[in-house]
1. Quick check: anything in segment 191-213 at pLDDT 90 or above, in a loop (DSSP other than H, G, I, E, B) and over 24 Å from residue 85 (Cβ atoms)?
2. Residue 36 passes all but one of (1) crowded, with 20+ Cβ neighbours inside 10 Å; (2) part of a loop (DSSP other than H, G, I, E, B); which number fails?
3. Please verify whether segment 143-153 includes one or more residues that are hydroxyl-bearing (Ser, Thr, Tyr), buried (at least 16 other Cβ atoms within 10 Å of the Cβ), out of contact with any Asp or Glu (no Cβ under 6 Å at 6 or more places or on another chain) and assigned to a loop (DSSP other than H, G, I, E, B).
4. Restrict the check to segment 175-187 and report whether at least one residue is within 22 Å of the chain's Cα centre (by Cα) and assigned to a helix (DSSP H, G or I).
5. Return yes or no: is residue 129 part of a helix (DSSP H, G or I), at pLDDT below 95 and surrounded by 17 or more Cβ atoms within 10 Å (Cβ to Cβ)?
6. Where the second residue is of a type outside the set (A, V, I, L, M, F, W, C) and loosely packed, with under 14 Cβ neighbours inside 10 Å and the first is closer than 21 Å to residue 175 by Cβ and modelled with pLDDT of 90 or more and lies in segment 140-157, which pairs have Cβ atoms under 6 Å and are six or more apart or on separate chains?
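The values are calculated or read from the model by the stated rules, or taken from the named source; none is laboratory data. Just so it is clear, the model here is predicted, and its values are computed rather than measured. Ideal geometry is used to build each Cβ from the backbone, glycine not excepted, and the neighbour counts take in all protein chains shown.
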Amino acid sequence: MTATGTLAERAWQALSSVRDPELDQPITDLGFVLAATVRDGGVSVRLRLPTYFCAPNFAYLMVADAYDALIALPEFEWAEVRLTDHFAAEEINAGVAAREGFAGTFAGESLGELDDLRRTFRRKAHLACLERACRTLLDSGWQIDALAGTTLGDLPESAERDSLVRRRAELGLSTTPDSPLFVDDDGTPVSEEKLAARLRFAKTVRVSIDGNAGWCRGLLRTRYGEDVDAEPDVRVPRSRTQEEAS
């Protein structure tokens, strides 16, 4: 693998860590990354969304998170992330580039930063991951009332377990193997008598997230057609020296 190829892969891996705040899926999997180009010691990225009027707070979070993920890589001296085909793209692109925050980007229009919104969606993501993890246990024969005494260590190694642990860490909840599995948003264990109702609510949240993700994929495909299914343009342009050598 060439050094330039490695840089492109590192940029893509960083972008893969960025998630749509509402759908809790990587922007790379959702088709939101239109192009990523490594050049001149940095990386330039273009993002797109399912509709022209996607909520600006959601859009801002994804652009800002993508920038933060890329600029944190020591391989890059600079990063540029630009949103395209969106009614607030100009404001969002300029605000993220200037590191003004959401309140500074939409001065006079916002009520502040988006920390509370981000935490709300992280709590929903945690519930959805918890339901998926519990479903693996129930499908293998566990009874619902037994989940009250279950710990993280009782979960078998799986993608569902990894996702749940990651969401708990984001919320500041314990991730040790002896930690209770079924906890509320504050980390308090859910009692046996309340567990079934909480699990039903968690399933509702998970179904809603999955449904919204499918809806957004459909909107993106309707908007951009076959281009959505094509491989995104992720590359490192050849230098003049490389072109002359070939």
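1. Within segment 191-213, one or more residues are at pLDDT 90 or above, in a loop (DSSP other than H, G, I, E, B) and over 24 Å from residue 85 (Cβ atoms).
2. Looking at each condition in turn, residue 36 falls short on (2).
3. Yes, there is a match, as at least one residue in segment 143-153 is hydroxyl-bearing (Ser, Thr, Tyr), buried (at least 16 other Cβ atoms within 10 Å of the Cβ), out of contact with any Asp or Glu (no Cβ under 6 Å at 6 or more places or on another chain) and assigned to a loop (DSSP other than H, G, I, E, B).
4. No, that holds for no residue.
5. Spelling it out, it is not the case that residue 129 is part of a helix (DSSP H, G or I), at pLDDT below 95 and surrounded by 17 or more Cβ atoms within 10 Å (Cβ to Cβ).
6. 151/178; 152/177; 153/177
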